[in-house]
1. Criterion first (small (Gly, Ala, Ser) and at pLDDT 95 or above) does B:Gly209 satisfy it?
2. Is there a residue in the stretch B:193-205 that is within 13 Å of chain A (Cβ to nearest Cβ) and touching a strand residue (DSSP E or B) at 6+ places or on another chain (Cβ under 7 Å)?
3. For the stretch A:33-122, which fully contained strands (runs of 3 or more DSSP E) count at least 1 residues that are among the small types (Gly, Ala, Ser) and closer than 29 Å to A:Asp143 by Cα?
4. Which one of B:Pro235, B:Pro225 is farther than 18 Å from B:Cys149 by Cα and in contact with a Lys or Arg (Cβ under 8 Å, 6 or more places away or on another chain)?
5. Out of contact with any helix residue (DSSP H, G or I) (no Cβ under 8 Å at 6 or more places or on another chain), surrounded by fewer than 22 Cβ atoms within 10 Å (Cβ to Cβ) and under 25 Å from B:His20 (Cβ atoms): is that true of B:Thr231 in this structure?
6. Looking only at residues in the stretch B:176-187 that are at negative phi and assigned to a loop (DSSP other than H, G, I, E, B), which one is farthest from the other protein chains (Cβ to nearest Cβ)?
7. So which residues in the stretch A:250-272 are buried (at least 24 other Cβ atoms within 10 Å of the Cβ) and either over 18 Å from A:Phe125 (Cα atoms) or under 13 Å from the mean Cα position of the chain (by Cα) (or both), if there are any at all?
There are 2 protein chains.
Amino acid sequence: MADRVRPILVVGSVALDAVHTPSESASEILGGAASYFCLSAAMFAPIRLVAVVGEDFPPEHRQLLESRLIDLTGLQVRPGKTFRWTARYTGVRLETRETLDTQLNVFADFHPTLPPAYRDSKVVFLANIQPELQLEVLEQVPDAEFITCDTMKLWLDTARPGLERLFRRVDCVLMNDEEAVQFSGERFLPSAARAIMSYGPRAVIIKRGENGSLLFTPDRVFLAPAHPLETVRDPTGAGDAFAGGLMGAIARSGDGQEVLRRGMLYGSVLGSLAVEDFSVRRIVKADLHEIEGRLSTLVDMISLNGSRAH
Amino acid sequence: MADRVRPILVVGSVALDAVHTPSESASEILGGAASYFCLSAAMFAPIRLVAVVGEDFPPEHRQLLESRLIDLTGLQVRPGKTFRWTARYTGVRLETRETLDTQLNVFADFHPTLPPAYRDSKVVFLANIQPELQLEVLEQVPDAEFITCDTMKLWLDTARPGLERLFRRVDCVLMNDEEAVQFSGERFLPSAARAIMSYGPRAVIIKRGENGSLLFTPDRVFLAPAHPLETVRDPTGAGDAFAGGLMGAIARSGDGQEVLRRGMLYGSVLGSLAVEDFSVRRIVKADLHEIEGRLSTLVDMISLNGSRAH
């Protein structure tokens, strides 16, 4: 299997986060969608990162990324400060998020320029950034075979034409349920997913946090459970870690229906790890043995067998 | 199989409902948890109903119940008016409910008295009524083998000691996630389910509406998907119809893990039917062929196979 593993190209944010919960706080921690994605997907496949940081980016964060299968040739270092993001979570399960501050800094002028060695990438993840930048990446990967994009409400509100052009170019769209309803104007998810697929993608994945995620393909639906949580310390990055698990499975095993379904379970496992500690701390502590253990719990959660397989 | 099917005893409310949505209204329609439960479970097994109505109970509602496998010997008819309930649903998917009026009428003095022929019941569903009344039923079914109870926030707030005594006597507790969190004082569902099981039940089922339902047993968890909805006209009774599908499966096939898991899928099917029209109208239009069709969609939603089984 290992010689068939394809590298994954990812473009997205690398940030320094400050996160507050009712009982804890942390600041200057490694954040950004690409960070969570990379460190999750690198459990399964080599990663090619395209992102930007400032000259203040702490060496220990860079070293953490370098210590994994993550190629940093595409990580631009620019004069100025790294993208910074501050948020507060409240609610009994930290389910309510308030963004307190966003400082784009070097991210404001970011354009993704791929190193020559990245241009043969087959598996591509466009994390949540401006749709025009996501499209710029696609111009540079003519041989891409499976492209997944994430997005956010901001781009639905302010960059819909770019988003529509993007959706015509990708294989899989990741959204949460509110975004899917807003984008499509449909109240129910099956209709919303069909509306999104009408632009071209052959798969739409709706993320619903602790309620799991749904995969819509033209004639089937799959429900991936969330791993049953016993604790949440910092919900940041769960969706990006989910994408890392999913794309890791695709990088290893292709993009058939079975791989997408099982890949979503890997996504749920990585998402469950992400929330158990601040930043990427819990993700980088996990090994494949632990991941497979959580995966078997998820497989059992959707099994109709009377007794658990071992 | 048919000769092994056990009758199901159900106690609960039979009501006349008035329901308003932003686009439609209906009044004097058949409602009450026991009505939704009976007409759902009667697709699978004979039903023994214990409930009360007033002298104003419309003959056509009685005839509808009689036209199915529903024994009405235990349906008391008392001087006065039938229990009446009025509610309004709002929100893009009718997800917000406001109870506008509740008139207990003959239900205020209701005590469940079982006809002698009901007393050998093995499979029992205690729909959502006062815990003391649920306990009165259990005094009259010494041979019960599988008892499931539903409940509601009102009894958590006002009748907790009765609820705790009830939980010590039942095999399975049905709740929604907010109720489970409130009852247990635990923020996360696995801990909440363990706390409830510590009273005695060997199964706890958490209903989460369009997010499906979770079955907790001492060492396993199962996630039953909700059937993907394309329309909702009246959300009333979905949980009671779910219970009808579940208990119907148990009445036919026993109460092993596999039956509980598959029974929850039948529950999801009946719940999906319940919401597609006012009152029980859509449920009574369905036949077993349609139910099996929806069941196969749900089975496929949790299948890891690359292609759909037929």
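The values are calculated or read from the model by the stated rules, or taken from the named source; none is laboratory data. What you see is a predicted model, and the numbers here were worked out from it, not measured in a lab. Positions of Cβ are backbone-derived with ideal geometry, glycine not excepted, and every protein chain shown enters the neighbour counts.
1. On the way: small (Gly, Ala, Ser): yes; at pLDDT 95 or above: no.
Criteria not met by B:Gly209.
2. Yes - at least one qualifying residue is present in the stretch B:193-205.
3. Details: elements: A:47-54, A:70-78, A:84-90, A:96-103.
It comes to A:47-54, A:70-78.
4. Working: B:Pro225 fails: in contact with a Lys or Arg (Cβ under 8 Å, 6 or more places away or on another chain).
Exactly one residue qualifies, and that residue is B:Pro235.
5. Numbers: out of contact with any helix residue (DSSP H, G or I) (no Cβ under 8 Å at 6 or more places or on another chain): yes; surrounded by fewer than 22 Cβ atoms within 10 Å (Cβ to Cβ): yes; under 25 Å from B:His20 (Cβ atoms): yes.
Taking the combined requirement at face value, the residue satisfies it.
6. Narrowing the stretch B:176-187 to residues at negative phi: B:176-184, B:186-187.
Those left that are additionally assigned to a loop (DSSP other than H, G, I, E, B): B:186-187.
Values: B:Glu186: 10, B:Arg187: 5 Å.
Filtering first and then ranking leaves B:Glu186.
7. Passing the criteria: A:Gly263, A:Met264, A:Tyr266, A:Gly267, A:Ser268, A:Val269, A:Leu270, A:Gly271, A:Ser272.
Quick grid of which residues meet (1) surrounded by fewer than 23 Cβ atoms within 10 Å (Cβ to Cβ); (2) among the hydroxyl-bearing types (Ser, Thr, Tyr); (3) over 18 Å from A:Ile283 (Cβ atoms):
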{"residue": "A:Ser27", "(1), (2), (3)": "yes, yes, yes"}
{"residue": "A:Gly32", "(1), (2), (3)": "no, no, no"}
{"residue": "A:Arg62", "(1), (2), (3)": "yes, no, no"}
{"residue": "A:Gln76", "(1), (2), (3)": "yes, no, yes"}
